[in-house]
Amino acid sequence: MYFGQGTATNSGIVGEDNKGWVENYPFFHDYPGSDIMLNGYDFKADNFLTEAPNDKTYTGAYSPFGIQSKTWEVVKGATKASGSILRANTDGSNLELIAWELRNPFRLKFNYDGIWL
């Protein structure tokens, strides 16, 4: 069977637009489908997890809110990657990553030659 796996964010960065769930799931974030090397660029945001009105935080790609990345940091890929198409046997065995980096993987269409996205 083939199925789509959604994303935690719309960009791979947990930011202020994710405030609704970050307070309940502070370590939740997206995962890449293969190992990627980061350039160390982080995104600045208001830190809504503290009481301080002017508190800022920085968040790196594929990290929980407020966790900075490092230059040349390698983020390990995961089979159950965010924004992916997966394939498995009907009992869930032999899980395989088919595609990733998709914003909204849904409406899979098949033909006799394979899969169309």
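Just a few scattered comments:
- Cleavage-rule hits, chymotrypsin sites (Phe, Trp or Tyr not before Pro), the range 46-76, DSSP coil, Cβ neighbours within 10 Å at most 16: PHE48, TRP72
- Across every pair of non-identical alpha carbons in the range 55-115, the mean reciprocal distance, once inverted, gives a Kirkwood radius of 14.5 Å.
- Read-out Rg/Rh (Cα atoms, Kirkwood Rh), derived from the coordinates shown; its label in (i) 0.94; (ii) 0.96; (iii) 1.06: (iii)
- Sites listed here are chymotrypsin sites (Phe, Trp or Tyr not before Pro) in the range 74-117 whose DSSP assignment is loop and whose Cβ has at most 11 other Cβ atoms within 10 Å: PHE106, TYR112.
- Expected 222 nm ellipticity per residue - DSSP helices of 4 or more, -39500 (n - 2.57), all of the chain, to 500: -500 deg cm²/dmol
- Among the trypsin sites (Lys or Arg not before Pro) found in the range 38-95, those both in a DSSP coil and sparsely packed, with 15 or fewer other Cβ atoms within 10 Å of their Cβ, are LYS70, LYS76, LYS80.
- Spatially near lysine pairs across the chain, Cα under 30 Å, sequence gap of 8 or more or different chains: 14
Rule-based calculations on the coordinates, nothing more; no lab input. Remember, predicted model here, so these are calculated numbers, not experimental data. Here Cβ is always computed from backbone atoms with ideal geometry, including for glycine, and neighbour counts include all displayed protein chains.
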